[in-house]
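Below: one structure, written as C-alpha coordinates.
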Amino acid sequence: MVVALFGSPLQRWWRRPKLVLQHDDDALESDEAIFVSGEPRRPHVVTLLVINRGRTQADDVEAVVSVHQRFGPETTEAGPIPEFEVPSVSRGALRFELASAGQTHVPVPPRSVRTLQFVRLGTADHIHAAIASNGDDPSAAEHPSHGMLCVHPAPDADRAVFLPEDDVVRVTIELQARNARASRWEAHVKVWQWDAREAEDGEGLAGVQLEWVRPFRPTRSRLPQSARQVWVRSHTPLALWREHRFQRLMREEDEPTE
(Lines give C-alpha, C1' and ligand atoms only; values in the text may rest on other atoms or scores of the structure.)
Protein backbone atom coordinates (compact mmCIF):
# COMPACT_ATOMS: atom_id res chain seq x y z
CA MET A 1 0.00 0.00 0.00
CA VAL A 2 2.79 2.47 0.90
CA VAL A 3 4.67 1.68 -2.33
CA ALA A 4 1.50 2.14 -4.37
CA LEU A 5 0.77 5.53 -2.79
CA PHE A 6 4.24 7.06 -2.62
CA GLY A 7 6.26 5.05 -5.16
CA SER A 8 5.80 7.36 -8.16
CA PRO A 9 6.23 10.71 -6.30
CA LEU A 10 9.23 9.35 -4.45
CA GLN A 11 10.80 8.19 -7.70
CA ARG A 12 10.26 11.62 -9.30
CA TRP A 13 11.81 13.29 -6.26
CA TRP A 14 14.80 10.92 -6.40
CA ARG A 15 15.39 11.52 -10.12
CA ARG A 16 14.65 15.27 -10.17
CA PRO A 17 17.23 17.70 -11.67
CA LYS A 18 19.36 19.62 -9.19
CA LEU A 19 21.12 22.77 -10.43
CA VAL A 20 24.31 24.01 -8.76
CA LEU A 21 26.43 27.09 -9.50
CA GLN A 22 30.19 26.71 -9.16
CA HIS A 23 33.38 28.61 -9.97
CA ASP A 24 35.72 27.32 -12.64
CA ASP A 25 38.34 26.93 -9.93
CA ASP A 26 37.37 26.79 -6.27
CA ALA A 27 40.85 27.99 -5.24
CA LEU A 28 40.72 31.03 -7.52
CA GLU A 29 40.63 34.30 -5.59
CA SER A 30 40.44 36.65 -8.59
CA ASP A 31 40.23 36.86 -12.38
CA GLU A 32 42.15 39.43 -14.37
CA ALA A 33 42.89 40.66 -17.88
CA ILE A 34 46.50 41.69 -18.61
CA PHE A 35 47.42 44.53 -20.97
CA VAL A 36 50.83 45.34 -22.44
CA SER A 37 51.57 49.01 -23.15
CA GLY A 38 47.88 49.80 -22.91
CA GLU A 39 46.90 47.35 -25.66
CA PRO A 40 44.60 44.50 -24.63
CA ARG A 41 45.66 41.05 -25.72
CA ARG A 42 42.03 39.99 -25.90
CA PRO A 43 38.90 40.60 -23.83
CA HIS A 44 38.71 38.32 -20.81
CA VAL A 45 35.38 36.75 -19.88
CA VAL A 46 34.94 35.43 -16.36
CA THR A 47 32.87 32.23 -16.50
CA LEU A 48 30.92 30.12 -14.05
CA LEU A 49 29.75 26.51 -14.20
CA VAL A 50 26.11 25.41 -14.05
CA ILE A 51 26.05 21.75 -12.98
CA ASN A 52 23.09 19.39 -13.02
CA ARG A 53 23.70 16.92 -10.20
CA GLY A 54 20.31 15.26 -10.69
CA ARG A 55 19.40 12.10 -12.56
CA THR A 56 17.22 13.66 -15.27
CA GLN A 57 17.71 16.52 -17.72
CA ALA A 58 16.89 20.06 -16.63
CA ASP A 59 14.82 21.77 -19.33
CA ASP A 60 14.75 25.48 -20.16
CA VAL A 61 17.46 26.47 -17.69
CA GLU A 62 17.91 30.22 -17.26
CA ALA A 63 20.38 32.21 -15.12
CA VAL A 64 18.85 35.47 -13.88
CA VAL A 65 21.25 38.01 -12.34
CA SER A 66 20.56 40.94 -10.02
CA VAL A 67 23.15 43.49 -8.85
CA HIS A 68 22.88 45.83 -5.84
CA GLN A 69 25.30 48.66 -5.06
CA ARG A 70 25.67 49.87 -1.49
CA PHE A 71 25.81 53.57 -0.54
CA GLY A 72 26.40 55.32 2.78
CA PRO A 73 26.49 55.83 5.62
CA GLU A 74 27.21 59.53 5.12
CA THR A 75 26.97 62.66 7.23
CA THR A 76 25.50 65.77 5.57
CA GLU A 77 24.44 69.23 6.74
CA ALA A 78 20.82 68.01 6.95
CA GLY A 79 21.82 65.05 9.09
CA PRO A 80 23.23 61.53 8.80
CA ILE A 81 22.17 59.32 5.88
CA PRO A 82 21.93 55.61 6.78
CA GLU A 83 23.41 52.85 4.68
CA PHE A 84 21.19 51.65 1.81
CA GLU A 85 21.33 49.57 -1.38
CA VAL A 86 20.28 50.52 -4.91
CA PRO A 87 19.65 47.90 -7.64
CA SER A 88 21.62 48.61 -10.81
CA VAL A 89 20.32 45.47 -12.57
CA SER A 90 17.00 44.11 -11.34
CA ARG A 91 16.69 41.02 -13.53
CA GLY A 92 18.98 40.19 -16.45
CA ALA A 93 19.51 36.88 -18.27
CA LEU A 94 23.17 35.81 -18.43
CA ARG A 95 24.61 34.21 -21.57
CA PHE A 96 25.41 30.52 -21.85
CA GLU A 97 28.36 29.51 -24.02
CA LEU A 98 27.61 27.47 -27.17
CA ALA A 99 24.09 28.93 -27.26
CA SER A 100 22.60 31.05 -30.03
CA ALA A 101 22.66 34.83 -29.72
CA GLY A 102 19.03 35.19 -28.62
CA GLN A 103 18.71 31.93 -26.68
CA THR A 104 18.31 32.54 -22.95
CA HIS A 105 17.11 29.02 -22.03
CA VAL A 106 19.26 25.92 -22.49
CA PRO A 107 18.92 22.25 -21.49
CA VAL A 108 21.39 20.73 -19.04
CA PRO A 109 21.62 16.92 -19.22
CA PRO A 110 22.09 14.89 -16.02
CA ARG A 111 25.59 14.83 -14.55
CA SER A 112 26.77 17.46 -17.04
CA VAL A 113 28.05 21.03 -17.02
CA ARG A 114 27.18 24.17 -19.00
CA THR A 115 29.49 27.19 -19.01
CA LEU A 116 27.90 30.51 -18.05
CA GLN A 117 29.43 33.86 -19.02
CA PHE A 118 29.45 36.18 -16.02
CA VAL A 119 31.60 39.33 -16.43
CA ARG A 120 33.59 40.75 -19.34
CA LEU A 121 36.84 42.56 -18.44
CA GLY A 122 38.70 44.98 -20.71
CA THR A 123 39.78 48.55 -21.27
CA ALA A 124 37.35 51.39 -20.69
CA ASP A 125 36.94 51.93 -24.45
CA HIS A 126 36.25 48.25 -25.04
CA ILE A 127 33.66 48.04 -22.26
CA HIS A 128 32.02 51.26 -23.48
CA ALA A 129 31.70 49.83 -26.99
CA ALA A 130 30.46 46.46 -25.70
CA ILE A 131 27.74 48.12 -23.61
CA ALA A 132 26.59 50.16 -26.61
CA SER A 133 26.56 47.11 -28.92
CA ASN A 134 24.44 45.25 -26.35
CA GLY A 135 21.75 47.91 -26.63
CA ASP A 136 22.36 49.45 -23.20
CA ASP A 137 23.19 53.05 -22.35
CA PRO A 138 26.96 53.44 -21.77
CA SER A 139 26.52 57.02 -20.54
CA ALA A 140 25.05 55.68 -17.28
CA ALA A 141 28.58 55.22 -15.97
CA GLU A 142 29.80 58.44 -14.36
CA HIS A 143 33.39 57.21 -14.60
CA PRO A 144 35.06 54.81 -17.07
CA SER A 145 34.34 51.20 -16.20
CA HIS A 146 36.47 48.14 -16.94
CA GLY A 147 33.84 45.44 -16.40
CA MET A 148 30.30 44.63 -17.53
CA LEU A 149 27.81 41.81 -17.04
CA CYS A 150 27.42 39.33 -19.91
CA VAL A 151 23.65 39.73 -20.16
CA HIS A 152 21.27 39.40 -23.07
CA PRO A 153 19.87 42.63 -24.55
CA ALA A 154 16.72 43.92 -22.88
CA PRO A 155 15.03 46.70 -24.90
CA ASP A 156 13.73 49.65 -22.90
CA ALA A 157 15.19 48.24 -19.67
CA ASP A 158 16.29 50.84 -17.12
CA ARG A 159 19.52 49.21 -15.97
CA ALA A 160 23.28 49.75 -15.71
CA VAL A 161 25.17 46.62 -16.81
CA PHE A 162 28.63 48.03 -15.99
CA LEU A 163 30.38 47.26 -12.70
CA PRO A 164 31.49 50.33 -10.72
CA GLU A 165 35.22 50.82 -10.37
CA ASP A 166 36.80 49.77 -7.06
CA ASP A 167 33.47 49.33 -5.31
CA VAL A 168 32.00 46.15 -3.84
CA VAL A 169 28.62 45.08 -5.26
CA ARG A 170 26.29 42.27 -4.22
CA VAL A 171 25.45 39.89 -7.06
CA THR A 172 22.60 37.37 -6.96
CA ILE A 173 22.11 34.65 -9.59
CA GLU A 174 18.95 32.57 -9.62
CA LEU A 175 19.01 29.31 -11.60
CA GLN A 176 15.55 28.51 -12.93
CA ALA A 177 14.29 25.53 -14.93
CA ARG A 178 10.92 24.27 -16.11
CA ASN A 179 11.20 20.96 -14.30
CA ALA A 180 13.58 21.77 -11.41
CA ARG A 181 13.44 23.72 -8.21
CA ALA A 182 15.00 27.18 -8.47
CA SER A 183 18.26 27.78 -6.61
CA ARG A 184 19.62 31.15 -5.51
CA TRP A 185 23.33 32.06 -5.23
CA GLU A 186 24.92 35.23 -3.86
CA ALA A 187 28.42 36.75 -4.03
CA HIS A 188 30.24 40.04 -3.44
CA VAL A 189 32.67 41.16 -6.15
CA LYS A 190 34.83 44.18 -6.95
CA VAL A 191 36.45 45.33 -10.21
CA TRP A 192 39.60 47.43 -10.03
CA GLN A 193 42.46 48.41 -12.33
CA TRP A 194 46.16 48.10 -11.54
CA ASP A 195 49.10 49.69 -13.34
CA ALA A 196 52.83 48.88 -13.21
CA ARG A 197 54.97 50.86 -15.64
CA GLU A 198 58.43 50.28 -14.28
CA ALA A 199 59.80 47.93 -16.96
CA GLU A 200 63.25 48.78 -18.31
CA ASP A 201 62.26 48.09 -21.92
CA GLY A 202 59.58 50.75 -21.74
CA GLU A 203 56.69 48.31 -22.06
CA GLY A 204 54.57 48.66 -18.98
CA LEU A 205 51.98 46.26 -17.75
CA ALA A 206 48.43 47.04 -16.72
CA GLY A 207 45.39 44.97 -15.99
CA VAL A 208 41.84 44.75 -14.72
CA GLN A 209 41.01 42.41 -11.88
CA LEU A 210 37.73 40.95 -10.70
CA GLU A 211 38.18 40.26 -7.00
CA TRP A 212 35.97 37.71 -5.28
CA VAL A 213 35.34 39.46 -1.97
CA ARG A 214 32.91 36.67 -1.16
CA PRO A 215 32.51 33.75 -3.60
CA PHE A 216 29.13 32.47 -4.69
CA ARG A 217 27.23 30.63 -1.97
CA PRO A 218 23.70 29.23 -1.89
CA THR A 219 21.16 31.43 -0.18
CA ARG A 220 17.45 31.22 0.47
CA SER A 221 15.00 33.01 -1.78
CA ARG A 222 13.54 36.10 -0.17
CA LEU A 223 9.77 36.06 -0.45
CA PRO A 224 8.01 39.40 -0.91
CA GLN A 225 6.78 40.92 2.33
CA SER A 226 3.09 40.93 3.10
CA ALA A 227 1.19 44.17 3.70
CA ARG A 228 1.15 43.46 7.43
CA GLN A 229 4.93 42.91 7.54
CA VAL A 230 5.51 46.17 5.66
CA TRP A 231 3.24 48.05 8.09
CA VAL A 232 4.95 46.57 11.15
CA ARG A 233 8.45 47.41 9.84
CA SER A 234 7.41 51.00 9.13
CA HIS A 235 5.85 51.52 12.60
CA THR A 236 8.64 50.39 14.89
CA PRO A 237 9.88 53.03 17.38
CA LEU A 238 13.09 53.53 15.38
CA ALA A 239 11.19 53.88 12.09
CA LEU A 240 8.75 56.37 13.61
CA TRP A 241 11.62 58.41 15.09
CA ARG A 242 13.39 58.53 11.71
CA GLU A 243 10.19 59.62 9.98
CA HIS A 244 9.61 62.34 12.61
CA ARG A 245 13.20 63.59 12.20
CA PHE A 246 12.86 63.61 8.41
CA GLN A 247 9.63 65.63 8.55
CA ARG A 248 11.22 68.10 10.97
CA LEU A 249 14.20 68.59 8.67
CA MET A 250 11.87 69.14 5.70
CA ARG A 251 9.94 71.82 7.64
CA GLU A 252 13.18 73.55 8.54
CA GLU A 253 14.24 73.56 4.90
CA ASP A 254 10.90 75.08 3.82
CA GLU A 255 10.98 77.86 6.43
CA PRO A 256 12.06 81.20 4.90
CA THR A 257 15.38 82.55 6.13
CA GLU A 258 15.64 86.15 7.25
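The values are calculated or read from the model by the stated rules, or taken from the named source; none is laboratory data. Computed from a predicted structure; not experimentally measured. Surface accessibility is based on the protein's heavy atoms, side chains included, excluding ligands, DNA and RNA. Shrake-Rupley method; radii C 1.70, N 1.55, O 1.52, S 1.80 Å.
Summary table
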item: Residue within region 115-126 that is assigned to a strand (DSSP E or B), among the β-branched types (Val, Ile, Thr) and open to solvent by 70 Å² or more (accessible area, probe 1.4 Å) present; result: no
item: Counted residues, region 171-197 - those being within 15 Å of the chain's Cα centre (by Cα) and of a type outside the set (Gly, Ala, Ser); result: 12
item: Positions within region 127-174 being modelled with pLDDT of 90 or more and open to solvent by 60 Å² or more (accessible area, probe 1.4 Å), in sequence order; result: Pro153
